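Quick note: the coordinates plus some simple rules give every number you see, no bench work behind them. As the structure is a computational prediction, the values presented were derived from the model and not from experiment. We place every Cβ from the backbone using ideal geometry, glycine too, and count neighbours over all the protein chains shown.
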Amino acid sequence: HFSGPLPHPPHATMGKDSKDRKTMEPRVVECTINLNKRLHKTTFKKKAPKAIKVVKLFAQKMMKTDDVRVDVQLNKFLWSKGVRNVPKRVRVRLNRKRNEDEEAADQFYTHVTYVKVESFKELETKLVEDEA
């Protein structure tokens, strides 16, 4: 019976950290966030504020940046039906940009903007090319 710490399988880390740091490039991704499941069982008066936090967390995980900035239009959309009735889903564009400020802690930040769509049916996460 083995009681020590379990050895990591060689494929578990596979040099992820070192590789990710080098390949960080500015990029734009469009995806849908299901707020309905993420805000389930949240107190009414905390729904909209939590929705903002959820969007930020989602962007952090997707783009691997700590600095996430939410656009004014997205904020307005999340609050559009009041504090309690947050929209069930939201389509967002995650834009990873290089930080202009040289003294900034992070090299990159993510700008999250709202994308207006008629329906969420058949939409998938996609990479957006040549944003000029």
With bins of 10 Å, the percent of all Cα-Cα pairs of the range 72-111 per bin from 0 is 25, 33, 25, 16, 0
Which order do peptides 37-45, 116-124 fall in by mean Cβ count within 10 Å, highest first?
37-45, 116-124
With Rg and the Kirkwood Rh both taken from Cα atoms, where does Rg over Rh land for the range 29-115?
1.00
